[in-house]
Amino acid sequence: MGGCRGLEGQRAAGSIDAISFKPSTVDTSAPPPAGSVPVLTSEQVRRLRAALLGRLVALCFGAGVDSTALLVALHEAGLRPHVITFADTGGEKPETLLHLDRVNALLRPWGWPLVQTCRKLTMASTGYADLYGNCWANETLPSLAFGLKSCSIKWKTDCQDQYLKGVTRGPAARPSHALWLEAQAKGERIVKLIGYDCGKADMRRSKVPREADADFDYLYPLQLIGWDRADCVRVIAQVLGAGMVPIKSACFYCPASKAWELWWLAAHHPDLLERALRLEYRALTGRHSRFDEVEFGATWEELVRTADRFPSTSTTVGLGRSFAWNQWARVNGVVDAQFQVRRDAQSRARFIAVAEAMRDGGGNALDARGRVIPIQVVAAPATGLQEQRLQAVDLFAD
């Protein structure tokens with residue numbers, strides 16, 4: 001699939017203002033015209049076009065850094081997907097939903113299809129309409145807390161498949177999409193584009209790539225052109241503007257959240273953190289709790305309120321799997337005695353400072369939740385020689 005070398009191996013050309021650079025206006029049926037500032041080498045363009053020209057293409061848009069960079073890469077290569085879908089579990093943060101609106105505003109002048117939001121539709125009798133409600137009703141945590149992936153399959157993958165293939169009956173009933181009908185009529189397969197980059201985490205996820213199933217082929221274009229997370233951030237900022245760098249797309253109660261992300265959530269969305277804490281409490285003290293009082297010598301609530309940590313165990317003890325978010329919040333002074341997130345200015349400032357100090361700046365931590373992001377600026381000095389330098393862009397500057 002090509003080497004994962006990143007922007008460092010690309011040839012510098014032209015001049016970029018990383019903050020005010022306008023979105024590209026290249027014809028979507030051909031590569032960018034000569035004289036424009038390239039973010040792709042000719043070899044990268046060749047790889048993308050060789051893989052996708054003539055294919056029926058559905059882009060799975062995650063609304064995060066990688067999938068936004070994927071839009072840019074395809075546009076700069078003169079390629080346009082036939083369908084773009086986004087799966088909304090009902091637990092996305094407000095910043096992600098705002099980014100969706102801004103992306104659609106970008107796609108309109110490109111002449112691209114807009115992002116279609118897909119949701120799992122449930123029977124009215126269930127009493128819930130999203131993943132949080134599903135967990136609440138069943139007094140459990142998202143399956144990822146138990147090392148499983150069914151929450152992603154049920155609430156993300158399936159609804160996007162149904163948008164294309166159609167559903168014959170039930171609350172999600174809908175006709176097949178025209179792209180699916182065309183694929184069936186021609187005997188061709190739709191290729192789904194997934195925004196996995198060349199970072200260690202995404203390379204692990206695609207080590208045994210999902211190349212095809214009964215209905216779709218799969219392709220990871222960012223790995224095809226060798227972009228890692230830092231490359232994606234730089235390209236978004238250079239081509240679309242630093243303000244278009246999104247935060248990581250994930251549910252506010254995602255068990256994969258790191259500690260610094262909990263501090264960030266406490267600072268920016270205390271109401272969402274409180275909802276996550278209530279869900280965890282309900283799951284670990286409810287009728288389906290796997291917590292064994294005998295094994296731990298105390299109830300879950302007693303340990304949350306009095307202990308600094310849980311004993312070492314393979315049992316899931318909370319949204320953090322090996323730790324409970326409620327206990328973390330109490331021990332770190334994030335909540336008061338009633339487990340309400342502290343909202344005074346001093347506490348919020350502390351939450352922000354701790355989050356920034358803990359954020360390592362690499363991998364999924366490289367997004368708009370940090371104060372600054374490194375932007376590669378390509379300059380053309382008077383000598384005519386090209387040079388590259390890094391410029392830190394403050395995402396929160398006036």
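The values are calculated or read from the model by the stated rules, or taken from the named source; none is laboratory data. Bear in mind the structure is a predicted one, so any value in this text is a computation, not a measurement. Backbone-built Cβ (ideal geometry, glycine too); neighbour counts: all protein chains shown. What goes into the accessible areas is simple: the full protein's heavy atoms, side chains included, and nothing from ligands, DNA or RNA. Shrake-Rupley method; radii C 1.70, N 1.55, O 1.52, S 1.80 Å.
Side notes on the structure shown:
- Taking the criterion of being hydrophobic (A, V, I, L, M, F, W, C), without any contact (Cβ under 8 Å) to a residue 60 or more places away in the chain and part of a helix (DSSP H, G or I), the residues of the stretch 104-138 that qualify are Ala105, Leu107, Ala124, Ala137.
- Filter result (more than 21 Å from Arg275 (Cα to Cα) and surrounded by 15 or more Cβ atoms within 10 Å (Cβ to Cβ)) within the stretch 122-155: Thr122, Lys154
- For Ala368, the requirement of being surrounded by 14 or more Cβ atoms within 10 Å (Cβ to Cβ) and modelled with pLDDT under 95 is met.
Listed here are the residues, each with its yes/no results for (1) in contact (Cβ under 8 Å) with a residue 24 or more places away in the chain; (2) closer than 24 Å to Leu53 by Cα; (3) not in a helix (DSSP H, G or I).
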| position | (1), (2), (3) |
| --- | --- |
| Ala145 | yes, no, no |
| Lys156 | yes, no, no |
| Tyr163 | yes, yes, no |
| Tyr218 | yes, yes, yes |
| Arg234 | yes, no, no |
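- Some residue of the stretch 198-211 being at pLDDT below 95, open to solvent by less than 40 Å² (accessible area, probe 1.4 Å), of a type in the set (Lys, Arg) and over 15 Å from the mean Cα position of the chain (by Cα): no
- Looking only at residues of the stretch 300-320 that are open to solvent by 20 Å² or more (accessible area, probe 1.4 Å) and closer than 18 Å to Trp263 by Cβ, we find that the one that is farthest from the chain's Cα centre (by Cα) is Asp308.
- Hey, Lys248 touching a residue at least 24 places away in the same chain (Cβ under 8 Å), under 30 Å from Leu71 (Cα atoms), within 22 Å of the chain's Cα centre (by Cα) and surrounded by fewer than 19 Cβ atoms within 10 Å (Cβ to Cβ) or not: no
- Scope the stretch 46-89; condition within 25 Å of Lys186 (Cβ to Cβ) and in a strand (DSSP E or B); matching residues: Leu56, Val57, Ala58, Leu59, Cys60, Val83, Ile84, Thr85
- Criterion (at pLDDT 95 or above and farther than 22 Å from Leu70 by Cβ) met by exactly one of Trp112, Trp136: Trp136
- Residue pairs whose Cβ atoms lie under 6 Å apart, sitting 6 or more positions apart in sequence or on different chains, and linking a residue in the stretch 73-90 that is closer than 20 Å to Leu179 by Cα to a partner that is part of a loop (DSSP other than H, G, I, E, B) and open to solvent by less than 10 Å² (accessible area, probe 1.4 Å), are Ile84/Phe61; Phe86/Phe61; Phe86/Ala63.
- Residue count for the stretch 158-178 under the criterion of being open to solvent by 40 Å² or more (accessible area, probe 1.4 Å) and within 19 Å of the chain's Cα centre (by Cα): the result is 1.
- Once the stretch 29-47 is narrowed to residues that are exposed (fewer than 14 other Cβ atoms within 10 Å of the Cβ) and among the aliphatic types (A, V, I, L, M), the residue that is modelled with the lowest pLDDT is Ala34.
- In the stretch 319-338, the residues that are at positive phi and at pLDDT 95 or above: Gly333
- In the set Leu181, Leu193, only one residue is modelled with pLDDT of 95 or more and buried (at least 22 other Cβ atoms within 10 Å of the Cβ); that residue is Leu193.
- Residue list for the stretch 271-297, filter: more than 32 Å from the chain's Cα centre (by Cα) and surrounded by 14 or more Cβ atoms within 10 Å (Cβ to Cβ): Phe296
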